[in-house]
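Participant: Quick one: structure below, then a few questions.
The values are calculated or read from the model by the stated rules, or taken from the named source; none is laboratory data. Quick caveat: nothing in here was measured; it's all calculated off a predicted structure. Cβ placement follows ideal geometry from the backbone for every residue including glycine, while neighbour counts extend to all protein chains displayed. Note: areas computed on protein heavy atoms with side chains; ligands, DNA, RNA excluded. Shrake-Rupley method; radii C 1.70, N 1.55, O 1.52, S 1.80 Å.
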Amino acid sequence: MAARIGVTPDIETTKWQIEREFHNARNWKVTQPFKGKKEAVAWEKSKADEMALKTVKQKIDVSRIRVEWRGFYFEHDGEKK
């Protein structure tokens, strides 16, 4: 079983993007909101190291929106090529 983690300001958009990049994305777990991006990125690095997982980079332009950063975890059956 493959899994990944990441952080995002918009979990619904991120899920939509990931479902197009990975086969059978499932078992989603989402954290409570972090105080800011810095705290979210620190969580991501810590969990990635602890769980030996690759991360997914967020691709959402946050320059014009008020964001609420959350961490996420999901399992998948490999990347779509």
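Participant: Has segment 2-19 got any residue that is surrounded by 12 or more Cβ atoms within 10 Å (Cβ to Cβ), of a type in the set (Gly, Ala, Ser) and more than 13 Å from the chain's Cα centre (by Cα)?
Facilitator: Step one: of segment 2-19, the residues surrounded by 12 or more Cβ atoms within 10 Å (Cβ to Cβ) are 2-11, 13-15, 17-19.
Filter once more, keeping what is of a type in the set (Gly, Ala, Ser): 2-3, 6.
Next, only the ones that are more than 13 Å from the chain's Cα centre (by Cα) stay: 2.
The answer is yes; a qualifying residue exists.
Participant: Output the number of the condition that Lys29 fails; it satisfies all remaining conditions of (1) at pLDDT below 95; (2) open to solvent by 90 Å² or more (accessible area, probe 1.4 Å).
Facilitator: Lys29 satisfies every listed condition except (1).
Participant: Please state which one of Arg20, Arg4 is touching a strand residue (DSSP E or B) at 6+ places or on another chain (Cβ under 6 Å) and charged (D, E, K, R). Walk me through how you get there before you give the answer.
Facilitator: Details: Arg20 fails: touching a strand residue (DSSP E or B) at 6+ places or on another chain (Cβ under 6 Å).
Unique residue meeting the criteria: Arg4.
Participant: Restricting to segment 32-56, give me the number of residues that are out of contact with any helix residue (DSSP H, G or I) (no Cβ under 8 Å at 6 or more places or on another chain) and within 15 Å of Ile11 (Cβ to Cβ).
Facilitator: Step one: of segment 32-56, the residues out of contact with any helix residue (DSSP H, G or I) (no Cβ under 8 Å at 6 or more places or on another chain) are 32-33, 35-52.
From what is left, the residues that are within 15 Å of Ile11 (Cβ to Cβ) are 32-33, 37, 40, 43-44.
Of the residues in segment 32-56, 6 are out of contact with any helix residue (DSSP H, G or I) (no Cβ under 8 Å at 6 or more places or on another chain) and within 15 Å of Ile11 (Cβ to Cβ).
Participant: Quick check: anything in segment 39-62 touching a Phe, Trp or Tyr at 6+ places or on another chain (Cβ under 7 Å) and either loosely packed, with under 14 Cβ neighbours inside 10 Å or not in a loop (DSSP other than H, G, I, E, B) (or both)?
Facilitator: To start, the set of residues in segment 39-62 that are touching a Phe, Trp or Tyr at 6+ places or on another chain (Cβ under 7 Å) comprises 40, 43.
Those still in the list that are either loosely packed, with under 14 Cβ neighbours inside 10 Å or not in a loop (DSSP other than H, G, I, E, B) (or both) too: 40, 43.
Scanning segment 39-62, I find at least one residue that is touching a Phe, Trp or Tyr at 6+ places or on another chain (Cβ under 7 Å) and either loosely packed, with under 14 Cβ neighbours inside 10 Å or not in a loop (DSSP other than H, G, I, E, B) (or both), so the answer is yes.
Participant: Please enumerate the residues belonging to segment 63-81 that are within 19 Å of Asn24 (Cα to Cα) and either touching an Asp or Glu at 6+ places or on another chain (Cβ under 8 Å) or assigned to a strand (DSSP E or B) (or both).
Facilitator: Going through segment 63-81, the residues within 19 Å of Asn24 (Cα to Cα) turn out to be 72-81.
Phe72, Tyr73, Phe74, Glu75, His76, Glu79, Lys80 - these are the residues of segment 63-81 that are within 19 Å of Asn24 (Cα to Cα) and either touching an Asp or Glu at 6+ places or on another chain (Cβ under 8 Å) or assigned to a strand (DSSP E or B) (or both).
Participant: When the residues of segment 3-38 are filtered to those that are of a type in the set (Val, Ile, Thr) and assigned to a strand (DSSP E or B), which remaining residue is farthest from Val67 (Cα to Cα)?
Facilitator: Let us first name the residues in segment 3-38 that are of a type in the set (Val, Ile, Thr), namely 5, 7-8, 11, 13-14, 18, 30-31.
After this cut, where a residue has to be assigned to a strand (DSSP E or B) as well, the list is 5, 7-8, 30.
Numbers: Ile5: 19, Val7: 12, Thr8: 9, Val30: 15 Å.
Checking each candidate, the answer is Ile5.
Participant: Please determine whether any residue of segment 21-32 is of a type in the set (D, E, K, R) and without any contact (Cβ under 8 Å) to a residue 24 or more places away in the chain.
Facilitator: Of segment 21-32, the ones of a type in the set (D, E, K, R) are 21, 26, 29.
With the extra rule that they be without any contact (Cβ under 8 Å) to a residue 24 or more places away in the chain, the set shrinks to none.
Checked segment 21-32: no residue is of a type in the set (D, E, K, R) and without any contact (Cβ under 8 Å) to a residue 24 or more places away in the chain.
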